Amino acid sequence: MIAYRDPLGTVSPRIKVQIKHRVDIPVTVQEVRQLMGLLQKDGDVGIVVSSGGFSTDAKATARGAHVHVELIDLDRLITLWQEFYSKLTDEDKSLLPLMPLYFYSPSV
């Protein structure tokens, strides 16, 4: 997936996203490097979203990269969704609806 801030993709950052939905199979260092190879223009940002997490080498490579690469695991994706949910349009909210749950906590 490629996202731009403007219709022609001329304004930085240009965001290139890879999404990996694999249960218990972490993203490898090779997959992170493949995305890094696509970040050709100055200001490009790479994001890898993985439901299976990331290998230790993949994390180290992203941290030490000369380009901006964000790794988002399932827990962080859910945290980001919760954090920005109120700013989404109703159409976007319908893609992954959330319902608040409240718990009674008596004073101790």
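The values are calculated or read from the model by the stated rules, or taken from the named source; none is laboratory data. Fair warning: this is a prediction, and the values are worked out from it, not measured in the lab. All Cβ positions, glycine included, derive from the backbone under ideal geometry; neighbour counts span all protein chains shown. Note: areas computed on protein heavy atoms with side chains; ligands, DNA, RNA excluded. Shrake-Rupley method; radii C 1.70, N 1.55, O 1.52, S 1.80 Å.
For (1) more than 22 Å from Tyr4 (Cβ to Cβ); (2) surrounded by fewer than 11 Cβ atoms within 10 Å (Cβ to Cβ), each residue gets a yes or a no:
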{"residue": "Ile47", "(1), (2)": "no, no"}
{"residue": "Ala60", "(1), (2)": "yes, no"}
{"residue": "Arg63", "(1), (2)": "yes, yes"}
{"residue": "His68", "(1), (2)": "no, no"}
{"residue": "Arg76", "(1), (2)": "yes, no"}
{"residue": "Thr79", "(1), (2)": "yes, no"}
{"residue": "Ser94", "(1), (2)": "yes, yes"}
{"residue": "Tyr104", "(1), (2)": "yes, yes"}
{"residue": "Ser107", "(1), (2)": "yes, yes"}
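Is at least one residue of segment 61-73 part of a helix (DSSP H, G or I), within 17 Å of the chain's Cα centre (by Cα) and free of Cβ contacts under 8 Å to residues at least 12 places away in the same chain?
yes
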Self-check item: Thr89 open to solvent by less than 70 Å² (accessible area, probe 1.4 Å) and among the hydroxyl-bearing types (Ser, Thr, Tyr)
Solution: no
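Take the residues of segment 49-58 that are surrounded by 14 or more Cβ atoms within 10 Å (Cβ to Cβ) and within 22 Å of Leu39 (Cα to Cα): which is farthest from the chain's Cα centre (by Cα)?
We begin by selecting, within segment 49-58, every residue surrounded by 14 or more Cβ atoms within 10 Å (Cβ to Cβ); these are 49-55, 57-58.
If we keep only those that are within 22 Å of Leu39 (Cα to Cα) as well, we get 49-50, 53-55, 57-58.
Details: Val49: 4, Ser50: 8, Gly53: 11, Phe54: 12, Ser55: 16, Asp57: 18, Ala58: 15 Å.
Top of the filtered list is Asp57.
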Quiz item: Which condition breaks for Ile72 when tested against (1) modelled with pLDDT under 90; (2) within 24 Å of Lys20 (Cβ to Cβ)?
Solution: (1)
